[in-house]
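To start, the structure itself, in structure tokens.
The values are calculated or read from the model by the stated rules, or taken from the named source; none is laboratory data. What you are looking at is a predicted structure, and each value in this text was computed from that prediction instead of being measured. No Cβ is skipped: glycine too gets one built from the backbone with ideal geometry, and neighbour counts run over all protein chains shown. Just so you know, the surface numbers come from the protein's heavy atoms only, side chains and all, with ligands and any DNA or RNA stripped out. Shrake-Rupley method; radii C 1.70, N 1.55, O 1.52, S 1.80 Å.
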Amino acid sequence: MKRCNIVIIFLLLLSAASGCATLPETPKIQETSGNESETTVYEGIKLTSISEQRNNAIKGTQFIDKYTYRLRISGLVDRPVEFTYDQLLAYPNVSKIDRLNCVEGWSFIAKWTGVPVKTLFDEAGIKENATNVIFYSSDGYSTSLELDYLLEKNIILAYKINDITLPPERGFPLQLVAEDKYGYKYAKWVTDIEITDEPYRGYWERAGYSNKADVGGPAFGD
Ligand SMILES: Nc1nc2c(c(=O)[nH]1)N[C@H]1C(S)=C(S)[C@@H](COP(=O)(O)O)O[C@H]1N2
Ligand SMILES: [Mo]
């Protein structure tokens, strides 16, 4: 028995030192539902597999606990609201195929599924003078979009990508799918939404990137 323990400790040390994967990895905070399988083609279009999608977030991957997670909406609303992860999943969902175009020149195409922001805004009740919406993330990232754009395009907060629950590196629990805008508008790990009546410049916008961020339009400036 003793010898057995020593052997196990030796193996643990060996695997820790070499980084080899002989022992099972410690489980991540997020539970992966084993019955999900990744969609590769949607509406006749070949999707980029999750493993081929890049991850260059400002502070690396964020790990959010789905049980303590809350999405809050505040600012110019009739009543500030917050949602649990399960509450978000219970709303009617929308799926979209969309290409994320990073301003650096790379892109990927995916099927996103999630809840329209309008559904959540209706719960909070948006004040009449509201014009802009700020999205805050757990890594300190932020960005903003015009309210009209979000409503007209029926923009969603996605909790699935290619029919897989968003992995932590893809933005679990929510990524904004800011269609036709540059990638820096696709906030990942969104925790707070603030409704306001003035323009706001987020992380990359303050560094000089366009706040309009229309794909095909100028990358820098207003
Ligand atoms: N919270 C957060 N969201 C973010 C970012 C980030 O650093 N933090 N990077 C943005 C940028 S610049 C791009 S192009 C897209 C996709 O980047 P990804 O490849 O890191 O997912 O996520 C956006 N959302
Ligand atoms: Mo980007």
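Table for the structure above
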| item | result |
| --- | --- |
| Lysine pairs with alpha-carbon atoms under 14 Å apart, the stretch 76-155, spacing 8 or more or separate chains | 4 |
| Where chymotrypsin sites (Phe, Trp or Tyr not before Pro) fall in DSSP loop in the stretch 44-144, at most 10 other Cβ within 10 Å | TYR67 |
| Label-point gap, in nm, between GLU123 and GLU198 - each point 7 angstrom along Cα→Cβ | 2.9 nm |
| Potential lengthening between GLU146 and PHE220 on full extension [0.36 nm per residue; Cα-Cα distance subtracted] | 24.9 nm |
| GluC sites (Glu not before Pro) restricted to the stretch 90-138 and DSSP loop, no more than 10 other C-beta within 10 Å | GLU128 |
| Euclidean distance of C-alpha centroids, the stretch 55-128 and the stretch 162-192, integer Å | 7 Å |
| Neighbourhood net charge (11 Å Cβ-Cβ; Lys/Arg +1, Asp/Glu -1) for GLU43 | +3 |
| Karplus 3J(HN,Hα) series, Hz, for the stretch 41-53 with 6.51 cos²θ - 1.76 cosθ + 1.60 (x for Gly, Pro) | 9, 9, 6, x, 10, 6, 8, 7, 5, 4, 5, 8, 7 |
| 1.4 Å probe accessible area per residue over the stretch 44-173, in Å² | 45 Å² |
